[in-house]
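Inspection log for the structure reproduced underneath, given as structure tokens.
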Amino acid sequence: MKKVEVVGISSEYENLRVLEDISLYAVENELVSILGPSGCGKSTLFNIISGLIKPDRGKVFIDGREHTGKPGRVSYMQQKDLLFPWRTIIDNVCIPLVIRGESIEKARDRADKYFDVFGLDGFQKKYPFQLSGGMRQRAALLRTYMFKSDIMLLDEPFGGLDAITKRKMQKWLLQVIGKLNSTILFITHDIDEAIFLSDRIYLFTERPASVSRIFCVDIERPRGSKTFTSERFNRLKEGILEYL
């Protein structure tokens, strides 16, 4: 069963072609990365999948049903954490639940159950300025999960972190997603990140973006530090570099 599928998506903006006949899919509990150069239209595709904008051509399917141009079905996390500085971490995380009409007390109770899973236990009453960059991204990811848990679109969530923190967050994400039962579409322009995290990788061309290659990541799990220096990892990396 394909959890998310886009078929023949094309999009233009002010006579500029952004996406050209994009088709891709992700099955349940799969992490699929979209790897491509900056400015090629990856975020535009996420805006289309999330229903924020409509494509000029093509369709979006979720659980086998068409959802083109229909917002609110998937959760969407952008690169910046976008946490409100005047709200505590737990109240930031609760925002999607409160918007849907839950009382703040009930929303806090629901969200609190996940703080340990996301490595945030003990930080419920802290404010964003009191957390490191990596911790803020965890909070933002938890807020995303609270909006819709089964499908998450993550747009370069670790792109603004330093190299050491970024690597730690990549390892952490692999540990967490096994507990979440979520299907994840992940945008990146980092080849190592795409290989390390993904089940499959869609390689995009320069704008107007089209799918140039699809790579299946046949690296066993669990993955760790040694994965980055393994023969399979570097063989796959060489294959991707040939087409960039």
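Any read-out appearing in this document is the output of simple, stated calculations on the displayed coordinates, not a laboratory observation. The structure presented is a predicted model; accordingly, all values stated were derived computationally and were not measured. Note: ideal-geometry Cβ built from the backbone for every residue, glycine included; neighbour counts use all protein chains shown.
Quick rundown of the values:
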item	result
Nearby lysines by direct alpha-carbon distance to Lys80 (threshold 17 angstrom, same-chain neighbours under 8 apart not counted)	Lys42, Lys166
Estimated FRET transfer efficiency (Arg100, Arg235; beta-carbon r; R0 35 Å; 0.05)	0.15
Computed helical MRE - 222 nm, the chain, DSSP H runs ≥ 4 contributing -39500 (n - 2.57), nearest 500	-9500 deg cm²/dmol
Relative contact order, percent, the chain [alpha-carbon distance under 8 Å, six or more residues apart]	26 percent
Helix axis angle, 231-241 relative to the chain longest principal axis, alpha carbon, degrees	60 degrees
Extension reserve of the Phe129-Ser149 stretch, reckoned as 0.36 nm per residue once the Cα distance is removed	4.6 nm
The range 61-136 shape via C-alpha gyration tensor axes, a/c threshold 1.5	prolate
Coil-residue trypsin sites (Lys or Arg not before Pro) of the range 40-112, DSSP, other Cβ within 10 Å capped at 11	Arg100
Magnitude of the charge dipole, the range 3-74, Cβ model with Lys/Arg +1 and Asp/Glu -1, debye to 20	180 debye
Loop GluC sites (Glu not before Pro), the range 1-73 (other Cβ atoms within 10 Å of the site Cβ: 13 or fewer; DSSP)	Glu14
FRET efficiency estimate (nearest 0.05) - Cβ-Cβ, Cys216 to Leu244, R0 25 angstrom	0.90
Cα gyration tensor category, rounded, prolate or oblate, for the chain with a/c compared to 1.5	oblate
Coil-residue chymotrypsin sites (Phe, Trp or Tyr not before Pro) of the range 30-134, DSSP, other Cβ within 10 Å capped at 16	Trp86
In degrees, nearest ten, helix 163-180 long axis to first principal axis of the chain (Cα)	80 degrees
Which of Leu19, Leu24 has the fewest Cβ neighbours within 10 Å, and the rest in rising order	Leu24, Leu19
Gyration tensor (alpha-carbon) shape descriptor, the range 120-238, a/c threshold 1.5	prolate
Spacing of the two label points (7 Å from each Cα toward its C-beta) at Arg87 and Lys179, in nm	2.3 nm
Asp56-Lys2 FRET efficiency (beta carbon distance; Förster radius 22 Å; 0.05 resolution)	0.45
